[in-house]
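Chemist: A single structure is presented below for examination.
The values are calculated or read from the model by the stated rules, or taken from the named source; none is laboratory data. Quick caveat: nothing in here was measured; it's all calculated off a predicted structure. In this analysis, Cβ positions are derived from the backbone assuming ideal geometry, glycine residues included, and neighbour counts consider all displayed protein chains.
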Amino acid sequence: MLEIIKYQLKGRRNAMALILAIFGILNVVAFGVEISGVVTDYEHMDSALGFWIVVAILTTSIVTTVMFFLCSTGHVNELLYKDSSYLMLTVPRHGWEILGGRFIAGLVEFLAYGLAAGFLASIHFAIAAPFITQERISSLRLFAFLYEQVFVVNFLSSAQIALIGLCVFTILGVFITFAVVASRSFVKNRGIGIAVAIAVFVAVTSQASRWGTMLSEKLNWYWNIKIVTSLQDSGFPDLPNVHFTLGSAQTIPVPAAPFLFFLVLAALLFAASSWLMERKVEL
């Protein structure tokens, strides 16, 4: 499997570099526009310059969202429909090794996009928030405060949210992979195969969601995530416009039963996808 992970990451290297370069260039331009707006006045900013802020944020958000779905499947669509796909399927590897290796490589790839997008978003927030809230706060201090809240004050909560995100990434990836592999196994036309894959994905997820919700209501099992906002020793003055409360905490209940149900179902679908890859997929 390690060879498959290396092979997949090597094949995606140029695409990753291009996407990250686009993120960097657009957001650096947007940062320059935002800084000029802080120095002068956002209300009198040239609309043509303000356009670059919108373009940078939308491009980063949309591309990251799209790559979330593509990377979660390990780009299985390329594996099954590219002219060179047969090369991967002729290697002496089991179906679960191929799909598992590509999934891990996809996770590594998406982490690059997700971490970059999150870091860039935090810079946008640190630059713009002091002006928007009309408070005399250093952007650098606000940037440090933001990361302190996420990785120090709410470290356990951040780890829980990251785990939930990993579960969603895994579940969606396996569901989509099964839909694509199943359609490719029995439908040779790519257009019809994609349509069937979408139909299978919608059917499976809708039924799984219904059963997961029923299970959650029966067990009344929730995963409580506590989010703490603390200004103690932050060095900030009173922030009436930011609406922070010293030492305030909020608990977010997340249904746990559906996640377990989906993960069990995802394991079964992964096994089915691996079997289909070995026995039914013909390129």
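Chemist: Can we say residue 126 is part of a helix (DSSP H, G or I), of a type in the set (A, V, I, L, M) and either at pLDDT 90 or above or at positive phi (or both)?
Modeler: No, not satisfied.
Chemist: Determine which member of the set 269, 283 is under 19 Å from residue 95 (Cα atoms), in contact with a helix residue (DSSP H, G or I) (Cβ under 6 Å, 6 or more places away or on another chain) and modelled with pLDDT under 75.
Modeler: 283
Chemist: Only one residue in 29, 33 is in a helix (DSSP H, G or I), at pLDDT below 90 and surrounded by 14 or more Cβ atoms within 10 Å (Cβ to Cβ), so which one is that?
Modeler: Of the residues listed, the single one that is in a helix (DSSP H, G or I), at pLDDT below 90 and surrounded by 14 or more Cβ atoms within 10 Å (Cβ to Cβ) is 33.
Chemist: Could you give every pair whose Cβ atoms fall below 7 Å, whose first residue belongs to the range 202-230 and is in contact (Cβ under 8 Å) with a residue 40 or more places away in the chain and among the hydroxyl-bearing types (Ser, Thr, Tyr), and whose second residue is assigned to a helix (DSSP H, G or I) and surrounded by 14 or more Cβ atoms within 10 Å (Cβ to Cβ), counting only separations of at least 6 or pairs across chains?
Modeler: Pairs found: 213/258; 216/257; 216/258; 229/149; 230/153.
Chemist: Here are some residues: 210, 184. Which one is surrounded by 18 or more Cβ atoms within 10 Å (Cβ to Cβ), assigned to a helix (DSSP H, G or I) and of a type in the set (Lys, Arg)?
Modeler: The conditions single out 184.
Chemist: Answer yes or no: is there a residue in the range 91-102 that is part of a helix (DSSP H, G or I), modelled with pLDDT of 85 or more, surrounded by fewer than 16 Cβ atoms within 10 Å (Cβ to Cβ) and acidic (Asp, Glu).
Modeler: No: zero hits.
Chemist: So in the range 52-83, with the set limited to residues that are part of a loop (DSSP other than H, G, I, E, B) and free of Cβ contacts under 8 Å to residues at least 60 places away in the same chain, which one is surrounded by the fewest Cβ atoms within 10 Å (Cβ to Cβ)?
Modeler: Filtering the range 52-83 for residues part of a loop (DSSP other than H, G, I, E, B) gives 73-75, 82-83.
Narrowing the set further to residues that are free of Cβ contacts under 8 Å to residues at least 60 places away in the same chain leaves 82-83.
Details: 82: 13, 83: 7.
Out of the qualifying residues, it is 83.
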